[in-house]
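Participant: Take this structure first; my questions come after.
The values are calculated or read from the model by the stated rules, or taken from the named source; none is laboratory data. In this text, all values refer to a predicted model and were calculated from it rather than measured experimentally. Every residue, glycine among them, receives a Cβ derived from its backbone with ideal geometry; neighbour counts consider all protein chains shown. Accessible surface areas use protein heavy atoms only, side chains included; no ligands, DNA or RNA. Shrake-Rupley method; radii C 1.70, N 1.55, O 1.52, S 1.80 Å.
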Amino acid sequence: MKNILQLSFILAFSLILFSCGNADDDVSFNINDRELGLGEKPDDCLGFEENDLLLSIQDEFTTLPGKVSILFKVSDLLGNPISGLSAEQFAIYEQGRNDDCFNSISSSESFARISPNSQVFNNNTVLVLDLSNSVLQSSLDELKAASTSFINNVMPSPATDSFKMAIYWFDGEDELHLLNPLSSSATELTASIEGITTDISNDPSTDLYGAVIKSTEIAEDLLTENSDVIGAASVVLFTDGTDQASRYSESDALRAVNDADRNISFFTIGLGAEIDTEVLTEIGKTASVFASNSQELENTFNDISQRVAEQANSFYLFEYCTPKRDGSGESNLVIQLTHNSLQGAVQTKFSANGFTGGCE
């Protein structure tokens with residue numbers, strides 16, 4: 001009987017461990033399930049510990065006469081994005097065809113750097129606002145102030161074409177209404193927020209699940225529009241209630257979120273006592289915040305704006321000049337990161353075909 005009780009406890013505890021947590025949508029805990037993107041686990045000959053940080057390779061390319069470029073996203077094992085890293089925190093290891101293991105490449109001698117990534121990466125935010133009757137009649141001014149603060153916190157200054165935002169709104173209609181198209185101008189976006197009036201909506205119901213599905217489709221389209229660059233997107237949805245229109249089911253909305261591209265992050269902001277926090281937490285699987293009253297709205301929007309900015313700034317274009325030359329064949333490459341006593345590493349490969357001395 002004692003053994004049975006012990007076994008039951010172990011099984012129950014295991015289930016708790018697997019069911020807890022709110023991991024980011026683009027992180028998987030299975031080392032073989034794409035969490036390293038185009039990369040793979042480093043060779044055992046290096047003797048590295050298990051990853052505390054994940055370097056998910058998004059793209060990689062070389063440029064003559066000898067530059068290697070790797071675009072990757074950095075997060076911890078809980079899915080939290082890691083921003084603000086510098087080139088000095090990365091170590092480079094190469095393995096050529098005559099090497100038994102990897103050789104360390106000096107970061108200073110190879111001119112390792114974090115380069116602006118606008119030429120290979122773009123980030124788009126889709127802000128989705130509930131403008132049903134309850135919001136328009138009781139908390140519109142607070143929503144305007146909170147949304148304006150959110151825009152100013154998220155949008156970079158000076159503006160850049162690689163970072164844009166679009167604003168949509170929904171009520172009870174089977175439509176996600178466009179308030180402002182994709183723009184890099186914070187001034188344009190805040191002006192559209194200021195222009196919202198109490199008579200903007202004619203339908204007092206709330207098509208929450210429809211808004212989730214449609215905004216996910218918009219984010220998916222944004223990632224595929226420009227095939228020349230790697231894209232990431234964030235869907236940020238605000239509501240003060242539950243789905244009342246009943247056009248779409250909760251399961252349909254959650255399926256859209258869970259099946260979305262791994263480079264789409266989902267955030268939700270809930271207001272008041274009428275919301276379903278459990279559902280909004282599932283929709284906002286990257287992060288969810290809740291305000292008990294309209295006076296708290298700006299703080300909750302600011303909380304999410306920080307997370308959205310961190311997501312965008314956790315993509316790094318790491319570049320260095322390799323000592324490998326034409327004729328050396330394909331080489332293996334490992335990049336290791338050390339950050340606040342945590343470490344992570346990823347392995348990939350590159351060809352030095354055509355490489356000569358020097359590097360731009």
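Participant: Taking loop as defined by DSSP and a crowding limit of 12 other beta carbons within 10 Å, which GluC sites (Glu not before Pro) in the range 87-137 fit?
Facilitator: 109
Participant: Using the Karplus curve 6.51 cos²θ - 1.76 cosθ + 1.60 with θ = phi - 60°, what ³J(HN,Hα) values do you get for each residue of the range 260-273, in whole Hz, with x for Gly and Pro?
Facilitator: Those phi angles translate into 5, 3, 5, 8, 9, 9, 10, 10, 10, 10, x, 10, x, 8 Hz.
Participant: For the range 159-244, rounded, prolate or oblate, judged on the Cα gyration tensor with a ≥ b ≥ c (square roots of eigenvalues), a/c < 1.5 rounded, else prolate if a/b > b/c?
Facilitator: It is oblate, given that a/c is not under 1.5 and a/b is not larger than b/c.
Participant: At 7 Å along the Cα-to-beta-carbon direction for both residue 49 and residue 99, put a label point, then send me their distance in nm to one decimal.
Facilitator: 2.4
Participant: Please list, or write none, the lysines whose alpha carbon is within less than 24 Å of the alpha carbon of residue 164, excluding same-chain residues fewer than 8 places away.
Facilitator: List returned: 73, 144, 214, 285.
Participant: Sort the range 240-297 into rounded, prolate or oblate with this rule: let a ≥ b ≥ c be the square roots of the eigenvalues of the Cα gyration tensor; rounded if a/c is under 1.5, and if a/c is not under 1.5, prolate when a/b is larger than b/c, oblate otherwise. Provide the component values of the computation, followed by the final result.
Facilitator: Values: a/c = 2.99, a/b = 1.36, b/c = 2.19.
Note, shape of the range 240-297 comes out oblate.
Participant: Of the options 116, 257, 208, report the single residue whose Cα projects farthest towards the positive end of the charge dipole of the chain (beta-carbon charges: Lys, Arg +1; Asp, Glu -1).
Facilitator: So the residue furthest toward the plus end is 116.
Participant: Separate question: Quick one: which residues, 5 or more positions from residue 196 or on another chain, have an amide H under 5 Å from its amide H? H modelled 1.01 Å from N in the peptide plane, none for Pro or chain starts.
Facilitator: none
Participant: Whole Å is fine, so just give me how far the alpha carbon centre of the range 78-114 lies from that of the range 223-248.
Facilitator: 35
Participant: Can you tell me the accessible area per residue over the chain, all protein chains present, probe 1.4 angstrom, in square angstrom?
Facilitator: Dividing the accessible area of the chain by its residue count gives 46 Å².
Participant: Here is a follow-up. For the range 93-101, what does the Karplus curve 6.51 cos²θ - 1.76 cosθ + 1.60, with θ = phi - 60°, yield as ³J(HN,Hα) per residue in whole Hz, taken in order and with x for Gly and Pro?
Facilitator: Once θ is set to phi - 60°, the couplings for the range 93-101 become 10, 10, 10, x, 5, 9, 9, 6, 9 Hz.
Participant: For n ≥ 4 DSSP H runs only, could you compute -39500 (n - 2.57) per run for the chain, divide by its residues and tell me the 222 nm figure to the nearest 500?
Facilitator: Values: 8 runs with 98 residues, N = 360.
After summing the helix terms and dividing by the residues of the chain, the value is -8500 deg cm²/dmol.
Participant: Next up: Over the chain, what percent of the accessible surface lies on carbon and sulfur atoms, probe 1.4 Å?
Facilitator: 48
Participant: Turning to a different aspect of this structure: Using all C-alpha to C-alpha distances in the chain, build P(r) with 10 Å bins and read off the rounded percent in each one.
Facilitator: 5, 22, 28, 20, 14, 8, 2, 0
Participant: Keeping all protein chains in place and using 1.4 angstrom, which order do 214, 67 fall into by accessible surface area, from largest down?
Facilitator: Sorted by accessible area, descending: 214, 67.
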